[in-house]
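The values are calculated or read from the model by the stated rules, or taken from the named source; none is laboratory data. Small disclaimer: the values here were computed from a predicted structure and weren't measured. Virtual Cβ from ideal backbone geometry, glycine too; neighbours counted across all protein chains shown.
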Amino acid sequence: MTSVECPDLEDLFNALEAGEGSALEHAGQCPLCTAIIEEHRLLEQDLYRLADPLPPPDLVHKVMARVAAEPTPARRELVTGLSILAASVVAGLGLLLFSDAALSGASTSLARLVVDGTALFEALLSGAHALWSTAAGPVAALLSLILFSSLFALKRLAGTGPTPSEA
Ligand SMILES: [Zn+2]
C-alpha cells in the first residue's frame, strides 16, 4: 500500500502552497494524494466562485446570443411590414411617374383639370383610365405588390400572436 508512505495532509498542502517539497514529489507518484490535491483544488475553486460577485467575462456575449435567439417582437414585425408597404408604394409611384405613357396620361388629366376646375372627378376618372389603358402592366404589378406586401406583413404579424382557430 502506498498510503502508508503518504505524508500528513498538512505537509502535503504546505508543499502544494510552496510549489515544492518531498510531499509534492510523492503526490506526483501517488494516486491517493493526487486525488486529495484535486479535491482540494476543486473545493478552492468553488470557494473563489462563491466569493467572487462579478459576472463571468462572457456574460454580455451570452445575453446577446440569447436576445438574438428570442422571437422578434410583434412591434418590430409591424414596422417591417409597414416599411415594405411604404417602399412598395414609393417604388410604384416612381415607376408610374417615370413611365412616359403614364406621364402623358397624367398630364392630359392635369391640363383638363386646369381648363375646367369643376370636372375634377371626371378628370381623375379619365386620368385613371388613361393610366390603366397605357400602363396596365406597371399598375397591376404595383397593386399586386402592395397586396402581397400587406398580406405578407399581416401573415407574419398573425404568426407571432395567438391563433384564434386552427380551422
Ligand atoms: Zn500518497
(request) Could you tell me whether segment 46-55 includes any residue that is assigned to a helix (DSSP H, G or I) and modelled with pLDDT of 80 or more? (result) yes
(request) Working only within segment 35-64, note down all residues that are hydrophobic (A, V, I, L, M, F, W, C) and away from the ligand (no atom under 16 Å from the Cβ). (result) LEU42, LEU43, LEU47, LEU50, ALA51, LEU54, LEU59, VAL60, VAL63, MET64
(message) So, in segment 75-86, exactly how many residues are without any contact (Cβ under 8 Å) to a residue 40 or more places away in the chain and among the aliphatic types (A, V, I, L, M)?
(response) 2
(message) Looking only at residues that are over 11 Å from GLU5 (Cα atoms) and not in a helix (DSSP H, G or I) in segment 15-34, which one is nearest to the ligand (Cβ to nearest atom)?
(response) GLY21
